[in-house]
Amino acid sequence: MPGFDSASMADIAARAGIVEGTVYLYFDSKKDLMHRVVAEWYESLIASVSEGLARITGVRARLRFCILRHLRVYVENTGLANLLIRELRRDTKYYETEIYSLNKRYTAFVTADILEGIKQGELNPDIAPEIVRDLIFGGIEHCAYRILSGRGGLDID
């Protein structure tokens, strides 16, 4: 399958085994389709993380779970992760999108656990939770560039 820029709605419809007109019954544009696919993936990811965290106690264990789960995003969903980073987040209107809102819901798990760690005395009360959250996700993304660029893998174990 060609990259997002070079893929046409006709290409997408052909891969789905439908006629192009059918795609336009549900989506106004290729960008609209992309947003819907990523939003549904995010909803599933958020549900998965929420379910996993419901079974875990302790701030460190919860943070470890979130970090490992996010690393798995890049290993298991490389194409979607690439699409999110290279297409969606570069859009000047990204901060007005449903995808941005979903990203905030997803990263809120980590922020909440950091705040809980501060409250319980496990983490230094002087840290800025949002900065620590950004360092976690930014560090993971930096490590994942090897996968996203097709230049290697990432051993998350």
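One Cα centroid belongs to the stretch 3-48, the other to the stretch 92-153; the line between them spans 27 Å. Across the chain, Cα-Cα pairs farther apart than 26 Å form 36% of the total.
When the chain is described by a simple charge dipole with +1 on each Lys and Arg Cβ and -1 on each Asp and Glu Cβ, the residue from 101, 13, 75 located farthest towards its positive end is 75.
Measuring nothing but protein heavy atoms, the accessible surface of the chain at 1.4 Å probe radius is 52 percent carbon and sulfur.
Averaging 1/r over every pair of different alpha carbons in the stretch 76-138 and inverting the result gives a Kirkwood radius of 13.2 Å. Of the GluC sites (Glu not before Pro) found in the stretch 80-157, those in coil by DSSP whose Cβ has at most 14 other Cβ atoms within 10 Å are 122. Over all pairs of different C-alpha atoms in the stretch 41-86, the reciprocal of the mean inverse distance, the Kirkwood hydrodynamic radius, equals 11.3 Å. Along the axis of the charge dipole computed for the stretch 27-67 (Cβ charges of +1 for Lys and Arg, -1 for Asp and Glu, origin at the Cα centre), the listed residues 27, 45, 63 are led at the positive end by 63.
3J(HN,Hα) along the stretch 49-59: 5, 4, 5, x, 5, 4, 9, 10, 10, x, 4 Hz, from the Karplus curve 6.51 cos²θ - 1.76 cosθ + 1.60 with θ = phi - 60°, whole Hz, x for Gly and Pro. Only the Cβ atoms of Lys and Arg (+1) and of Asp and Glu (-1) were treated as charged; on that basis the dipole of the chain about its Cα centre amounts to roughly 260 debye.
Note on the stretch 1-94: along the principal axes its Cα atoms extend 51, 25, 23 Å, ordered by decreasing extent. Largest accessible area first, the residues 145, 106 order themselves as 145, 106 under a 1.4 Å probe with ligands, DNA and RNA left out.
In order along the stretch 89-100, the Karplus-derived 3J(HN,Hα) couplings, from 6.51 cos²θ - 1.76 cosθ + 1.60 at θ = phi - 60°, round to 6, 7, 5, 4, 9, 3, 5, 9, 9, 4, 4, 4 Hz, and Gly and Pro are given as x. Listed by chain and number, the lysines placed with their C-alpha closer than 26 angstrom to that of residue 30 are 93, 104; residues fewer than eight positions away on the same chain are left out.
In order along the stretch 126-137, the phi-based Karplus estimate (6.51 cos²θ - 1.76 cosθ + 1.60, θ = phi - 60°) of 3J(HN,Hα) comes to 8, 6, 9, x, 5, 5, 4, 4, 5, 5, 5, 5 Hz; Gly and Pro are listed as x.
The values are calculated or read from the model by the stated rules, or taken from the named source; none is laboratory data. Note that this is a predicted model, so its numbers are computed, not measured. When we count neighbours, we look across all protein chains shown, and the Cβ atoms used for this are built from the backbone with ideal geometry, even at glycine. Keep in mind that these areas ignore ligands, DNA and RNA; they rest on the heavy atoms of the full protein, side chains included. Shrake-Rupley method; radii C 1.70, N 1.55, O 1.52, S 1.80 Å.
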